[in-house]
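The values are calculated or read from the model by the stated rules, or taken from the named source; none is laboratory data. These figures come from a predicted structure and were not determined experimentally. Note that each Cβ is placed from the backbone with ideal geometry, even for glycine, and that neighbours are counted across all protein chains shown.
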2 protein chains.
Amino acid sequence: MSSLDLAAIRAAHERIRPFIKLTPVLTSEALDTVCGGRLFFKCENLQVAGAFKSRGACNAVFSLTDAEAAHGVVTHSSGNHAAALARAAQLRGITAHIVMPTNAPQSKVQNVGSYGGWITFCEPNLNAREAACASVAARTGATIVHPFDDLRVAAGQGTAAVELLEEISLLDVILCPVGGGGLLCGTAVAAKALAPDIKVIGVEPELADDVAQSFRAGRRISIPTPATIADGLRTNCTGEKIFPIIQQSVDDIVTVSEENIIVAMRAVWEKLHIVIEPSAAVAYAAILQGKVPGAGRRIGLILTGGNMDLATLPWVKS
Amino acid sequence: MSSLDLAAIRAAHERIRPFIKLTPVLTSEALDTVCGGRLFFKCENLQVAGAFKSRGACNAVFSLTDAEAAHGVVTHSSGNHAAALARAAQLRGITAHIVMPTNAPQSKVQNVGSYGGWITFCEPNLNAREAACASVAARTGATIVHPFDDLRVAAGQGTAAVELLEEISLLDVILCPVGGGGLLCGTAVAAKALAPDIKVIGVEPELADDVAQSFRAGRRISIPTPATIADGLRTNCTGEKIFPIIQQSVDDIVTVSEENIIVAMRAVWEKLHIVIEPSAAVAYAAILQGKVPGAGRRIGLILTGGNMDLATLPWVKS
């Protein structure tokens, strides 16, 4: 795939439909009252393997030719893409090699194992991850499926926005958590094609603002490994394939504090009665923190995932 | 209403449809693998006000004549029925008087307040609750809407099973948490009318097994106030109106341990990525504890609610 457009996202949707869930869009009278608008939460925490990543991973794996697929796939990931790729490979009956950072949450490591992925641990930084991934690919002939800088992956991720817009009409804004930017890229392309007036706004932790910095600078900026609680958003730098699309299609990228991520996460657990991981909470945190006005607007929020260790909770003193 | 049948439940469904959500049915590949069957979770924790109780409360409130409604409604409840009745009354523009036990969870007290209910606290036992409720009714002329021994309420609760059976075909069993028995009563009547071969099994905590005892004895048995973690199921005795229907329509009532309730609750949080309260976990606990075999069967489980204090969790040592 050399470009990303609605047709590619529609094709991805048809390809992956047997392997993913049509996730519900939830609302909360209580949260609507707090913000004075209407909030529509697209619950990708309820997706298979607990995250939107199943969409992109399935599209990448089922796009391979049989000859390519025979050598398996390989990726590096902090967790959700890893589990999603392992599951997709298992569904196709091929091998998934997964390079994971040593600080990945235990629940995410277990998820990869439960889907039969072959795990290689590495240091928690981008260079180590990419080196380990390249080494496995060279040894096995496996196809690298990058967690975000891959247009097949981004096309798959864009299918969540398609479903959201097919179910909920007249949205003013879509808020999208940003790690490397794959979901943001697919979401923006889908949304702008289906509803040109919609604003697509990415949300990053202040501590992991590489894509926000890049967006303002007009060039890809790399940052040291971020320490944010939002483990799914700890990327160093956005991708060269997706960044031009983000620049062209996204309206803004805002950042939120660690404190607001935790408050937002707890509010979603309490009022929507669902478990979301910290990375998924940044979208609602942007409203809580006043970065995106909610009053009088219809806002879609993509809740990206729900995989986390429940032995400790950020608001419970240990 | 002098009897409960599918027609009454269908009528309730039409009456309450504008005021409740069609809740999703969720599945988990991981939980299916553990039990060897297919589990279909009807997510009433995602219902408005966070529990199935909105169904019965809306049916009762919108069944009143204008003359009755003018005096308001009154009930006693450990929490979810209270919030649901307060919300239903607010929607109809009438007063809801709520008698709550002093040990009700703070989150449930806040829910009642957020819907404009007038709260009266009382001692946490059935006699005190009923006395306070009767006193308010005598003073105000409000209609008593009993939390479970009311056929309008039971008809509303039965609509969850109707939705489950319309969405998921060929269920072998429906597992239903049992407090006073209103949900069980409505579920059994709906399920047996729609799918006569289905088994309807109630699940109670071992520590709150009043309905299980009554079911075996063939007469209503009262127990001291139970100490189970499942605060929504702390009833002393089932109701005289609903008990004959339960005897006639329910196949069995099984009990589960406190330990298995907590393990089941955590598994649902981790694998389904939703927040359920302890009371809702008893249905899956029955499978975990081997009280209801899961292998090779298609089992519907009603997850009754998701309201709980998130400051402490039963599996996190404080």
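Hey, could you check segment B:12-29 for residues that are among the aliphatic types (A, V, I, L, M) and in a helix (DSSP H, G or I) and say which is surrounded by the most Cβ atoms within 10 Å (Cβ to Cβ)?
B:A12
Considering B:I262, B:I245, B:I229, which residue is on the phi < 0 side of the Ramachandran plot and either without any contact (Cβ under 8 Å) to a residue 40 or more places away in the chain or touching an Asp or Glu at 6+ places or on another chain (Cβ under 7 Å) (or both)?
From the options B:I262, B:I245, B:I229, the qualifying one is B:I229.
Looking at (1) surrounded by 22 or more Cβ atoms within 10 Å (Cβ to Cβ); (2) away from chain A (no Cβ under 14 Å); (3) within 21 Å of B:F148 (Cα to Cα), which one does B:L39 not meet, given that it meets all the others?
It is condition (3) that B:L39 fails.
Hey, among the residues in segment A:84-103 that are more than 14 Å from chain B (Cβ to nearest Cβ) and either in contact with a Lys or Arg (Cβ under 7 Å, 6 or more places away or on another chain) or buried (at least 23 other Cβ atoms within 10 Å of the Cβ) (or both), which one's farthest from A:I144 (Cα to Cα)? Before the answer, list the steps.
Initially, segment A:84-103 is screened for residues more than 14 Å from chain B (Cβ to nearest Cβ), giving A:85, A:89, A:92-103.
Narrowing the set further to residues that are either in contact with a Lys or Arg (Cβ under 7 Å, 6 or more places away or on another chain) or buried (at least 23 other Cβ atoms within 10 Å of the Cβ) (or both) leaves A:85, A:89, A:96-101.
On the way: A:L85: 11, A:A89: 12, A:A96: 10, A:H97: 9, A:I98: 10, A:V99: 11, A:M100: 14, A:P101: 17 Å.
That would be A:P101.
What number of residues within segment B:110-148 are assigned to a helix (DSSP H, G or I), surrounded by 17 or more Cβ atoms within 10 Å (Cβ to Cβ) and among the polar types (S, T, N, Q)?
Within segment B:110-148, residues that are assigned to a helix (DSSP H, G or I), surrounded by 17 or more Cβ atoms within 10 Å (Cβ to Cβ) and among the polar types (S, T, N, Q) number 1.
Do you know which of the residues in segment B:65-80 that are surrounded by 19 or more Cβ atoms within 10 Å (Cβ to Cβ) and modelled with pLDDT of 95 or more is nearest to the chain's Cα centre (by Cα)?
Per the stated criteria, the residue is B:T75.
Which of the residues that make up segment B:49-64 are facing chain A (nearest Cβ under 10 Å) and modelled with pLDDT of 95 or more?
Within segment B:49-64, just B:A51 meets the criteria.
Within segment B:284-291, is even one residue under 18 Å from B:F52 (Cα atoms), surrounded by 19 or more Cβ atoms within 10 Å (Cβ to Cβ) and outside the structural domain of B:G232 (by TED's automatic domain parsing)?
no
List pairs: first in segment A:149-176 and of a type in the set (S, T, Y), second in a strand (DSSP E or B) and at pLDDT 95 or above, Cβ under 9 Å, 6+ apart or cross-chain?
So the pair list comes out as A:S169/A:R298.
Within segment A:198-215, is even one residue surrounded by fewer than 24 Cβ atoms within 10 Å (Cβ to Cβ), closer than 18 Å to A:L301 by Cα, acidic (D, E) and more than 14 Å from the chain's Cα centre (by Cα)?
Scanning segment A:198-215, I find no residue that is surrounded by fewer than 24 Cβ atoms within 10 Å (Cβ to Cβ), closer than 18 Å to A:L301 by Cα, acidic (D, E) and more than 14 Å from the chain's Cα centre (by Cα), so the answer is no.
Could we say that A:H81 is assigned by TED's automatic domain parsing to the domain that holds A:I119 and more than 14 Å from A:P124 (Cβ to Cβ) here?
Values: assigned by TED's automatic domain parsing to the domain that holds A:I119: yes; more than 14 Å from A:P124 (Cβ to Cβ): yes.
So A:H81 passes the test.
Would you list the helices (runs of 4 or more DSSP H) that sit entirely within segment A:225-295 and hold 2 or more residues that are over 24 Å from A:C43 (Cβ atoms) and away from chain B (no Cβ under 14 Å)? Even if it seems obvious, please write down each step before you answer.
On the way: elements: A:243-249, A:258-272, A:278-288.
Those helices (runs of 4 or more DSSP H) span A:243-249.
For the structure I just gave you, tell me whether A:S107 is assigned to a helix (DSSP H, G or I), closer than 25 Å to A:T238 by Cβ and within 13 Å of chain B (Cβ to nearest Cβ).
no
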